[in-house]
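Comments concern the structure below.
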Amino acid sequence: MTRFNDRSPEVQRAMCTPMHQILPPSPLPSSPGATTGALYLGSMAAVYDEDLLHEHHVTHLIQVLKVPCLPCFDKDVFECYRIGILDKSTVDLKPHLEAACNYIDKALGSGKNVLVHCRQVCADIADLQL
């Protein structure tokens, strides 16, 4: 169970929000008028909220989790990259980072919006400063 008593109000708000924009779209110097996609970080709640995903034009999902069942996605709308590891602080994510970052970079570079999510809420997202 997630506890809020030792968290700042900003972190509490972040924990209750399913999705946060980490990188906004930016202009592509090589293509005037074109932009990169946006990068979002979220929880499992964001994945189950198709309206939220459509509202933010998310087309690519990076799933950091190992669970027996996942929501069914329309393969014509969402592309999924799954990192099948347990969502625990003791699991080493490093062996998966290069391939995941390449996937994200390719999607963003082609103007697609990406949501990276795990099974937990984003407890420390409010501490990120861009």
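Among the listed residues Asp92, Asp76, Asp51, Asp87, identify the single one that is modelled with pLDDT of 85 or more, charged (D, E, K, R), over 11 Å from the mean Cα position of the chain (by Cα) and assigned to a loop (DSSP other than H, G, I, E, B).
Unique residue meeting the criteria: Asp92.
Is it fair to say Ser31 is over 16 Å from the mean Cα position of the chain (by Cα) and of a type in the set (S, T, N, Q)?
When the stated conditions are applied, Ser31 passes them.
Starting from the stretch 67-86, keep only residues that are charged (D, E, K, R), then list their pairs with residues that are modelled with pLDDT of 65 or more whose Cβ atoms are within a distance under 6 Å, requiring at least 6 positions of separation or different chains.
Sorted first by the residue in the stretch 67-86, then by its partner, the pairs are Glu79/His60; Arg82/Gln63.
Six or more apart or on different chains, Cβ atoms under 6 Å: show the pairs whose first residue is in the stretch 38-49 and without any contact (Cβ under 8 Å) to a residue 12 or more places away in the chain and of a type in the set (Ser, Thr, Tyr) and whose second is outside any helix (DSSP H, G or I) and buried (at least 23 other Cβ atoms within 10 Å of the Cβ).
The qualifying pairs do not exist here.
Would you pick out the residues in the stretch 26-48 that are not in a loop (DSSP other than H, G, I, E, B) and not aromatic (Phe, Trp, Tyr)?
Pro27, Thr35, Leu39, Leu41, Gly42, Met44, Ala45, Ala46, Val47
The values are calculated or read from the model by the stated rules, or taken from the named source; none is laboratory data. This structure is a prediction, so every number in the text was calculated from the model and none was measured. Cβ coordinates were reconstructed from backbone atoms using ideal geometry, including for glycine residues, and neighbour counts include every protein chain displayed.
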